[in-house]
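Written below as structure tokens is the structure these notes are about.
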Amino acid sequence: MALMAVVTDPAHVALKREVIVERKAPDDEILLMDWLNALIYEMSANQLIFGSFDVLLGDHHLQGRAWGEKVDVERHEPAVEVKGATCTALSVTQNSNRDWVAQCVVDV
Amino acid sequence: MDTKSLQRVSAEEWRIEPQGKMRVPAVIYATEELIREMDEKVREQIVNVATLPGIEKAAYAMPDAHWGYGFPIGGVAAFDPDRGGVVSAGGVGFDISCGVRTLLTGLTAEDVEPVKRSLADSLYRHIPAGVGSRGLLELSDSELDEMLSGGARWAVNQGYGTEADLSRTEENGRMSGAIPDAVSQFAKHRQRREMGTLGSGNHYLEAQHVTEVFEVSAAEAFGIRRNDIVVSIHCGSRGLGHQIGTDFLREMAVEAKNYGIDLPDRELACAPIESPLGEKYLGAMRAAINCAFANRQIITHLVRRAFAPVIPGAALTVLYDVSHNTCKVEEHQVDGHMKRLFVHRKGATRAFGPNHPGVPETLRSIGQPVLIGGTMGTASYILVGTSESESHSFSSSCHGAGRQMSRAQATKRWRGRELMDELAERGILIRSPSPRGVAEEAPGAYKDVNAVVEASEKSGLSRRVAKLEPLICIKG
């Protein structure tokens with residue numbers, strides 16, 4: 001959701017289309033990059049923008065679904081294209097409350 | 001950045017001697033004021049670059065350096081393949097071959113002022129800009145591969161420009177050594193309908209007024225006079241370059257340990273130049289350079305079309321086209337010997353001095369034009385390369401103002417529509433599909449470009465030739 005907020009307000013995205021993503025990676029950090037880059041690819045190649053996600057994780061394996069719509073310049077006023085997910089500040093950790101925290105700097 | 005952590009060599013040169021795993025020193029060119037404005041991360045990142053295998057002489061940061069990923073933006077580093085040197089996807093950046101092309105118009109401010117609004121509207125209609133914009137072309141697989149091999153030459157062959165345009169483009173508009181097969185289908189798919197588009201973020205097209213000439217002889221050689229109008233195009237290899245950066249950053253991050261490269265940080269992901277992965281990246285990156293050349297060539301054609309109905313007879317010629325996100329093979333002096341090095345410039349402009357064979361023949365006695373983009377409300381500059389920059393920074397200079405505020409901070413501080421109104425009152429017409437994008441690119445979010453180019457000049461990296469003020473800005 002933070003990735004989409006870089007571009008527009010995700011609350012204004014209609015959930016009309018579904019994209020399914022499945023990725024395997026050597027570790028969870030690369031897996032996070034892969035997930036974000038899969039969404040960035042859909043945004044770039046197919047002009048999609050997303051407002052809702054469902055992700056299932058296990059053993060450096062991800063099954064994700066994203067719902068959104070084709071970008072509408074007047075309604076979404078997209079601020080910027082996201083070029084890609086970087087390795088900068090990339091981390092996937094569990095905090096003391098056992099909540100997962102995933103962070104990644106994306107290039108715009 | 002705290003200056004106490006640096007050794008001051010001169011008013012504009014700061015140094016960090018090798019320590020820990022650093023193989024060479026780190027050198028930052030900037031005034032004390034610019035150093036204080038730089039993020040501490042610049043220091044950390046340029047020190048990390050200095051640890052990479054095969055690095056020669058020093059890791060350099062230009063006066064507009066700011067926090068990037070892996071390499072700082074405004075970073076320069078050269079690697080020797082014979083000493084295990086590396087090539088780094090993060091050392092080039094996602095926007096491969098992002099650069100500036102400046103066009104001479106043969107017009108003066110008095111010619112343009114009465115039709116400025118019509119010209120702004122015509123440029124905005126002709127040049128696709130912003131998120132989701134699509135170009136006029138849709139390339140087939142074979143056309144894409146031809147474009148990736150041919151660069152601006154391909155575009156001219158398709159009717160988008162002239163031979164003269166190519167002679168004023170870096171590498172004559174075609175980067176050799178491109179390998180279209182090294183480019184993923186994802187990257188090609190992203191580019192299929194993006195030829196001739198500006199993109200978003202800090203990319204723009206501006207009509208600019210030459211308000212000051214600093215060096216008359218160089219300006220004359222470049223064809224610039226005070227009061228002239230020029231057009232500058234700032235964009236790169238679009239989705240194709242972004243995807244190549246994405247593909248190889250991941251692969252290099254995963255494979256680095258298999259090549260025995262001990263990375264201080266994963267974000268420095270790289271591969272030996274002489275390795276299958278290094279060679280594959282270089283082939284793909286060079287294809288992206290050609291994509292950027294072709295993109296700026298097609299936009300040039302669209303600019304000419306946009307001018308034609310508003311100012312009939314206007315003849316737009318290319319002053320120069322130079323990239324600031326590349327890795328290029330160049331010959332440089334190291335310890336008294338010429339060496340073939342792989343020079344990474346990320347947010348840094350190649351700045352060859354007089355008599356360098358890489359400068360177009362018609363400009364060779366003067367030096368290479370160095371095109372510096374400002375912001376939509378501040379000046380841009382045309383500089384010229386110096387002979388001294390060879391020993392200072394592998395013939396490199398700054399590339400722009402450099403951000404000093406995050407996009408989130410900028411949107412809290414400015415409103416896009418108010419900003420456009422304020423700039424219109426100053427005589428600067430902004431055309432953009434995204435008010436929020438305009439706010440994120442507010443002039444106040446950037447460093448003082450005047451201070452950056454002055455520091456570049458005082459450091460000997462390049463010299464000021466002309467100052468350009470924006471009149472019209474098409475912003476993605």
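If I filter segment B:77-90 down to residues being farther than 18 Å from B:G239 by Cα and surrounded by 21 or more Cβ atoms within 10 Å (Cβ to Cβ), which single residue comes out as farthest from the other protein chains (Cβ to nearest Cβ)?
The extreme case among them is B:A78.
Within the group B:E469, B:E440, B:E418, B:E457, which residue is within 14 Å of another protein chain (Cβ to nearest Cβ) and either surrounded by 23 or more Cβ atoms within 10 Å (Cβ to Cβ) or among the charged types (D, E, K, R) (or both)?
B:E440
For residues that are of a type in the set (D, E) and within 7 Å of chain B (Cβ to nearest Cβ), scanning just segment A:66-108, find the one that is surrounded by the fewest Cβ atoms within 10 Å (Cβ to Cβ).
Filtering first and then ranking leaves A:E77.
Looking at this structure, is B:A256 crowded, with 18+ Cβ neighbours inside 10 Å, within 12 Å of another protein chain (Cβ to nearest Cβ) and more than 23 Å from the chain's Cα centre (by Cα)?
Spelling it out, B:A256 is indeed crowded, with 18+ Cβ neighbours inside 10 Å, within 12 Å of another protein chain (Cβ to nearest Cβ) and more than 23 Å from the chain's Cα centre (by Cα).
With respect to B:R296, determine if the residue is over 30 Å from B:T51 (Cβ atoms), of a type outside the set (S, T, Y) and in contact with a strand residue (DSSP E or B) (Cβ under 9 Å, 6 or more places away or on another chain).
Yes: the conditions hold for B:R296.
Please state which one of B:G20, B:G74, B:G93 is crowded, with 24+ Cβ neighbours inside 10 Å and assigned to a loop (DSSP other than H, G, I, E, B).
Exactly one of B:G20, B:G74, B:G93 is crowded, with 24+ Cβ neighbours inside 10 Å and assigned to a loop (DSSP other than H, G, I, E, B), namely B:G93.
Conditions: (1) part of a helix (DSSP H, G or I); (2) more than 13 Å from chain A (Cβ to nearest Cβ). B:A410 meets all but one. Number of the miss?
Status for B:A410: all satisfied but (2).
Just to be sure, is B:V156 within 17 Å of B:L104 (Cβ to Cβ), away from every other protein chain (no Cβ under 14 Å) and hydrophobic (A, V, I, L, M, F, W, C)?
The answer is no for B:V156.
If I filter segment A:49-59 for residues that are within 12 Å of another protein chain (Cβ to nearest Cβ) and either outside any helix (DSSP H, G or I) or of a type in the set (D, E) (or both), do I get at least one hit?
yes
Filter segment B:259-277 for residues that are small (G, A, S) and more than 15 Å from B:I55 (Cβ to Cβ); which is surrounded by the fewest Cβ atoms within 10 Å (Cβ to Cβ)?
The selected residue is B:G260.
Can you confirm whether segment B:425-433 contains a residue that is away from chain A (no Cβ under 14 Å) and part of a helix (DSSP H, G or I)?
Yes: segment B:425-433 contains one or more residues that are away from chain A (no Cβ under 14 Å) and part of a helix (DSSP H, G or I).
Check B:V92, B:V112 and return the single one that is more than 22 Å from B:E170 (Cβ to Cβ) and among the β-branched types (V, I, T).
Matching residue, one of B:V92, B:V112: B:V112.
Inspect all residues belonging to segment B:203-210 and state whether any of them is of a type in the set (F, W, Y) and either part of a strand (DSSP E or B) or under 28 Å from B:D121 (Cα atoms) (or both).
Yes, segment B:203-210 contains a residue that is of a type in the set (F, W, Y) and either part of a strand (DSSP E or B) or under 28 Å from B:D121 (Cα atoms) (or both).
Rundown of residues vs (1) modelled with pLDDT of 95 or more; (2) not hydrophobic (A, V, I, L, M, F, W, C); (3) not in a loop (DSSP other than H, G, I, E, B), yes/no style:
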position	(1), (2), (3)
B:P114	yes, yes, yes
B:E138	no, yes, no
B:D165	yes, yes, yes
B:E171	yes, yes, yes
B:M175	yes, no, no
B:A178	yes, no, no
B:G199	no, yes, no
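Here's the yes/no breakdown for (1) buried (at least 19 other Cβ atoms within 10 Å of the Cβ); (2) within 20 Å of B:I229 (Cα to Cα); (3) not charged (D, E, K, R):
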{"residue": "B:V115", "(1), (2), (3)": "no, yes, yes"}
{"residue": "B:S122", "(1), (2), (3)": "yes, yes, yes"}
{"residue": "B:I127", "(1), (2), (3)": "yes, yes, yes"}
{"residue": "B:R134", "(1), (2), (3)": "no, no, no"}
{"residue": "B:L144", "(1), (2), (3)": "yes, no, yes"}
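Provide a single number: the residues in segment B:23-47 that are in a helix (DSSP H, G or I), in contact (Cβ under 8 Å) with a residue 40 or more places away in the chain and not aliphatic (A, V, I, L, M).
Within segment B:23-47, residues that are in a helix (DSSP H, G or I), in contact (Cβ under 8 Å) with a residue 40 or more places away in the chain and not aliphatic (A, V, I, L, M) number 3.
Inspect all residues belonging to segment A:9-25 and state whether any of them is in a loop (DSSP other than H, G, I, E, B), at the interface with chain B (Cβ under 9 Å from one of its Cβ atoms) and in contact with a strand residue (DSSP E or B) (Cβ under 6 Å, 6 or more places away or on another chain).
Checked segment A:9-25: no residue is in a loop (DSSP other than H, G, I, E, B), at the interface with chain B (Cβ under 9 Å from one of its Cβ atoms) and in contact with a strand residue (DSSP E or B) (Cβ under 6 Å, 6 or more places away or on another chain).
Of these, A:V73, A:V105, A:V101, A:V19, which one is of a type in the set (V, I, T) and within 24 Å of B:S432 (Cβ to Cβ)?
Sole residue among the options that is of a type in the set (V, I, T) and within 24 Å of B:S432 (Cβ to Cβ): A:V73.
Kindly indicate whether any position in segment B:189-203 is over 30 Å from B:T375 (Cβ atoms) and surrounded by fewer than 24 Cβ atoms within 10 Å (Cβ to Cβ).
Within segment B:189-203 (the criterion being over 30 Å from B:T375 (Cβ atoms) and surrounded by fewer than 24 Cβ atoms within 10 Å (Cβ to Cβ)), the answer is yes, since at least one residue qualifies.
Quick check on this structure: which one of B:I273, B:I298, B:I224 is away from chain A (no Cβ under 14 Å), touching a helix residue (DSSP H, G or I) at 6+ places or on another chain (Cβ under 7 Å), more than 16 Å from B:G91 (Cβ to Cβ) and of a type in the set (V, I, T)?
That would be B:I298, the only listed residue that is away from chain A (no Cβ under 14 Å), touching a helix residue (DSSP H, G or I) at 6+ places or on another chain (Cβ under 7 Å), more than 16 Å from B:G91 (Cβ to Cβ) and of a type in the set (V, I, T).
Would you mind finding the one in B:A306, B:A314 that is in contact with a helix residue (DSSP H, G or I) (Cβ under 6 Å, 6 or more places away or on another chain), at pLDDT 95 or above, more than 28 Å from B:F186 (Cα to Cα) and part of a helix (DSSP H, G or I)?
B:A306
The values are calculated or read from the model by the stated rules, or taken from the named source; none is laboratory data. The model shown is predicted, which means the values in this text are computed figures rather than measured ones. Because the Cβ atoms are built from the backbone with ideal geometry, glycine has one as well, and the counts that use them run over all protein chains shown.
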